Amino acid sequence: MARSGKGGKGSVGKAKRVTGKSGMRKGLTAYGDEGFSLFLRKAFIKAMGYTDEALDRPIVGITNTFSGFNACHRNVPELIEAVKRGVMLAGGLPVEFPVITLHESFAHPTSMYLRNLMAIDTEEMLRGQPVDSVVLIGGCDKTVPALLMGAASANVPSIMLVTGPMITGDHKGERLGACTDCRRFWGKFRAAEISEEEIGEINKKLAPSAGTCMVMGTASTMALCSEAMGMMLPGGACVPAVMADRLRQAEASGARAVAMAKEKLTPDRIMTVEAFENALRVLFAVGGSTNAIVHLTAMAGRLGIKLDLDAFDKMGRETPVLVDLKPTGQGYMEDLYKAGGLTTILREIKHQLNLKALTVTGRTLGQNMADTPPGWNQQVVRKFSDPVFAGGSIAVLRGNLAPGGAIIKQAAMDPKLAQHVGRAVVFESLPDLAERVDDPDLDVKADDILVLKNAGPIGAPGMPEAGYLPIPKKLGSKGVKDMIRISDARMSGTAFGAIVLHVTPESAVGGTLALVQNGDRIRLDVPARKLELLVDDAELEARRRRLKVSKPRKEDTRGYRKLFMEQITQADEGCDFSFLKPEITTRTPRKR
Ligand code: FES
């Protein structure tokens, strides 16, 4: 590394003016005397047993996101060891440090509520510590966007390494995977199709190894989008967590991080408009999680790039679903890995990609693709001309019920519901839903539309993955598998159904959703991209005047929650905090 430090090899800096900006000399603690600051820093780090020779190397930070609560990150310690090996082999000094971690089932009220906290933690630790580059180790849903949001804002050379997907389990000869099959079997249990004993057995087999959910949920989607965006080494998204290849990815990421420090290959050079367009193409081609839209919007926002929902919808019409994975198809991530991973997908959509986009390899996406061996016959990634689903996996809906937009994963719904007018059955909140949805006296029919309010970014708060409203027991037990459900919530990427999500503005800030009453008629027309509340404007205006403005709750008035409630933006802005975004300068996807 072309180090600019003036202390020279072995110097503790006490006799020389420190003007360097890298390694131990970077971001010195303020004591009013830079030489003393370096002297003191070195004194303390030598308590870790380092020599001056080691401390003179480029410093590669490694985010340690292990936690006893996060099974998706169970393999982080061994990944760190492999990253360190790669850094050392390439002549750098690896230094791991903790940032907070998030697991979907161990984050109250939601992991989305804490994503921005993790992003702030990442950003400030990258800015506050002397790292020349960093290997970001994440995996579980919110961790990848949080790490990349923080890295983008700190603009330190960064390379993403995911923990990798779990391998599948099995039950009575059937493959099982978290968490599409969690929901499927829970639905069967609710409909009394399987016993309490059997659901207990299944519970032990749904998450059978370290790693992230092995369907095309949010974790898999974000891993693939990060690789497509160029922030991960080629081939890094799909390697299962338990395979030796995963450790080789870690070693290679460590080695590459040393080179990136020398090249000053910062995120702003990689996370460009073109890179986000590539990520969005892949999101469509894999039939990825709806959550990815919120995360990619937030990540882009950190670079001053605005994701345009209407252009996004147009892009979806052009890029079909090619990957046959659950929840839209049949396979699991280990199948995609064996089929060649992201590279196999990129080959099929090559004509739609920005091949000149720069990546962490220092080469362009097109050059990376040219470096890979030719493909082979496989069943997981279909030909562009023979897709799993032709119409764009996610559609953006507009109308008086969602003036700021709403989305639906049309590739994972009963197509018979794509054009439907139905009667609203309204739940005012999540507690109201929990209390009444299985009430035998609930006035609900299969062709009704279930509406959930107050489950958005502010209303819940934290925009829970509650958009997958359960089918009322009285209908589920009669064999009803899908109904239209509308909310301002999100949905797990592992779920499926005719589910309208991210209704914007949300009901808690007075969006039209707040005005819906039991018995109102609602029209959903996915081909026309329409979502309309069929109530005349005068009546809606009268309802709006009667709408009670909810006062801040006691718990909203202090700490992180106060910050969240005051600063959280709506879904169409990525639910980032408003003060974390720079000025918006660019739009993506571009209108072509
Ligand atoms: Fe971590 Fe699904 S719970 S990826």
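The values are calculated or read from the model by the stated rules, or taken from the named source; none is laboratory data. Note that the coordinates shown come from a computational prediction; the quantities given were computed from them, not determined experimentally. Cβ: placed from backbone, ideal geometry, glycine included. Neighbour counts: every protein chain shown. All accessible areas refer to the heavy atoms of the entire protein, side chains included, with ligands and DNA or RNA removed. Shrake-Rupley method; radii C 1.70, N 1.55, O 1.52, S 1.80 Å.
What share of the DSSP beta bridges in the chain is antiparallel, in percent to the nearest 5?
The antiparallel proportion sits near 45 percent.
Compute log10 of I(q)/I(0) for the stretch 371-455 with the Debye formula, placing one identical point scatterer on every Cα and leaving out solvent, at q = 0.13 Å⁻¹, to two decimals.
-0.66
Using only alpha carbons, build the gyration tensor for the stretch 47-176 and give me the equivalent ellipsoid semi-axes, biggest first, whole Å.
Ellipsoid semi-axes (Å, largest first): 29, 19, 12.
Which value, in Å², gives the accessible area per residue of the chain when a 1.4 Å probe is used on the protein heavy atoms?
Per-residue value: 39 Å².
Given the pairs Lys409/Lys481; Lys46/Lys84; Lys383/Lys478; Lys548/Lys581; Lys26/Lys142; Lys26/Lys306, which are separated by over 27 angstrom at their Cα positions?
In this structure, Lys383/Lys478; Lys548/Lys581; Lys26/Lys142; Lys26/Lys306 lie more than 27 Å apart at Cα.
Can you list, bin by bin at 5 Å, the percent of alpha carbon pairs in the stretch 295-380, starting at 0?
Pairs per bin, as whole percents: 3, 11, 16, 18, 23, 19, 9, 2, 0.
Which one, Thr343, Thr212, Thr512, projects farthest toward the positive side of the charge dipole computed for the chain from Cβ point charges (K/R +1, D/E -1)?
Checking the options against the dipole of the chain, the answer is Thr343.
For the chain, which whole-number percentage of the solvent-accessible area (1.4 Å probe, protein heavy atoms only) is attributable to carbon and sulfur atoms?
54
Could you work out how far apart the two model spin labels at Ser550 and Ala528 are, taking each label as a point 7 Å from the Cα in the direction of the beta carbon, and quote it in nm?
Output for this residue pair reads 3.2 nm.
Give, in nm to one decimal, the length gained when the segment between Phe189 and Lys314 is fully stretched (0.36 nm per residue of separation minus the Cα-Cα distance).
Gain in length upon complete extension: 41.1 nm.
In the chain, once you exclude exposed GluC sites (Glu not before Pro) (DSSP loop, at most 16 other Cβ within 10 angstrom), what's the longest stretch remaining?
Within the chain, the longest run free of exposed GluC sites (Glu not before Pro) spans 194-427.
Taking the Cβ-Cβ separation of Asp268 and Phe579 as r and a Förster radius of 22 Å, what is the calculated FRET efficiency to the nearest 0.05?
0.70
Restricting attention to the chain, give the cysteines that have no other cysteine Cβ less than 4.7 angstrom from their Cβ.
Cysteines of the chain left without a disulfide-compatible partner: Cys213, Cys225, Cys238, Cys575.
Short version: ³J(HN,Hα) in whole Hz for each residue of the stretch 516-525, in order, from phi by Karplus 6.51 cos²θ - 1.76 cosθ + 1.60 (θ = phi - 60°), x for Gly and Pro, what are they?
Along the stretch 516-525, the couplings run 5, 10, 3, x, 4, 9, 10, 10, 10, 9 Hz.
Report, in cubic angstrom per residue, the convex hull volume of the C-alpha atoms of the stretch 446-592.
176
List the residues, sorted by chain then number, that are 5 or more residues from His171 or on another chain and whose placed amide H is less than 5 Å from its amide H.
For His171, the qualifying residues are Leu176.
Using only alpha carbons, build the gyration tensor for the stretch 453-505 and give me the equivalent ellipsoid semi-axes, biggest first, whole Å.
The three semi-axes for the stretch 453-505 are 22, 10, 9 Å.
Going by average Cβ neighbours within 10 Å, how do the peptides 509-518, 291-300 rank, with the highest at the top?
Ranking, from highest mean packing down: 291-300, 509-518.
Write down the percent of antiparallel bridges among all DSSP beta bridges whose residues are both part of the stretch 440-569, to the nearest 5.
40
Okay, helix-only estimate at 222 nm for the chain: each DSSP H run of n ≥ 4 adds -39500 (n - 2.57), divide by all residues, round to 500 deg cm²/dmol; what do you get?
-10000 deg cm²/dmol, from helical runs alone.
Enter the per residue convex hull volume of the stretch 175-330, computed from alpha-carbon coordinates, in Å³ rounded to the nearest integer.
Spread over its residues, the Cα hull of the stretch 175-330 gives 131 Å³ apiece.
With viscosity set to 1.306 mPa s and temperature to 10 °C, compute the Stokes-Einstein D of the chain, Rh being the Kirkwood radius across alpha carbon pairs; µm²/s, no decimals.
64
Among the chymotrypsin sites (Phe, Trp or Tyr not before Pro) within the stretch 146-191, which fall in a DSSP loop and have no more than 13 other Cβ atoms within 10 Å of their own Cβ?
For chymotrypsin sites (Phe, Trp or Tyr not before Pro) across the stretch 146-191 that sit outside H, G, I, E and B with at most 13 neighbouring Cβ atoms in 10 Å, the list is empty.
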